[in-house]
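Only the coordinates and a few stated rules stand behind these numbers; no lab work does. Everything numeric here is computed off the predicted structure, so don't read it as measured data. Reconstructed Cβ throughout: ideal geometry from the backbone, glycine too, with neighbour counts over all protein chains shown.
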Amino acid sequence: MAAYKRILLKLSGEALMGEDAYGINRATIVRIVREVQEVTQLGCEVAVVIGGGNIFRGVAGGSVGMDRATADYMGMLATVMNALALADTMRQEGITARVMSAIAIEQVVEPYVRPKALQYLEEGKVVIFAAGTGNPFFTTDTAAALRGAEIGAQIVLKATKVDGIYSSDPNKDPGATRYARISFDEAIIKNLQVLDATAFALCRDQKLPIRVFSIFKSGALKRVVQGEDEGTLVHV
């Protein structure tokens, strides 16, 4: 049984790469979609915000001389590509998904309209939010916090390569310990990089908890949605 009625799942573009250096790994995207399917079968309504780092990283583009706003718009288009791939894989796996973009590309995907997104969720469809917030200088983390608040999600689930938040980098420090639960204030004091600062502040102000977990651990998403102690919970 699901512990949450509605969730916002934040997927990085890098999560779709699998072991590849860039792009979309077919086996990886199918596995992720099947994990989402398990959650929908529990009766949980799922919205997804997808990043674009596997195709284009706006900040990196800006750092080598490109105008930052232009680079960020290119990054937004990369998220649309990922969203289309995710939705098509869902269709093949028997899930009805709708892609909604924060920038207008109406020949390809429909624009983000909040009441329509809520209607889709209530109908049991998976809604994939593409193009971030539609504005440069804001990350897809911020888009996840914003959309999560807008749709009334009970929690933001940040799927990463690491199985939670640690006291220090577990890849560099063998003594690093994982936090099972941590408050927003503690995370700020300890300078733990959960989400970017804008996204983190928005979740804290909206009292929207965040759960950080590894998307590469089989069944982790289902365990999180069932309320099990998976990853790290950031709470008010």
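Projecting label points 7 angstrom from Cα along Cα→Cβ for Glu93 and Arg114 puts them 3.0 nm apart.
Helices in the chain that qualify as membrane-span-like (whole DSSP H runs, Cα extent of at least 20 Å along the helix axis, mean Kyte-Doolittle hydropathy of 0.0 or higher) are 26-40, 68-92.
Across the alpha-carbon set of the chain, the Rg to Rh ratio works out to 0.94, Rh being the Kirkwood radius. Using equal-weight Cα scatterers in the Debye expression, the normalised intensity of region 53-185 in log10 at q = 0.12, 0.14, 0.22 Å⁻¹ is -0.60, -0.78, -1.29. For the cross-link pairs Lys5/Lys172; Lys116/Lys161; Lys125/Lys158; Lys10/Lys207, the ones whose C-alpha atoms lie over 28 Å apart are Lys5/Lys172; Lys116/Lys161.
Listed from fewest to most Cβ neighbours within 10 Å, the set Ser168, Ser214 follows the order Ser168, Ser214. Running Debye on region 1-103 with equal point scatterers at the Cα sites and no solvent, what base-10 log of I(q)/I(0) appears at q = 0.17, 0.20, 0.21 Å⁻¹? Normalising to I(0) and taking log10 leaves -0.79, -1.01, -1.08.
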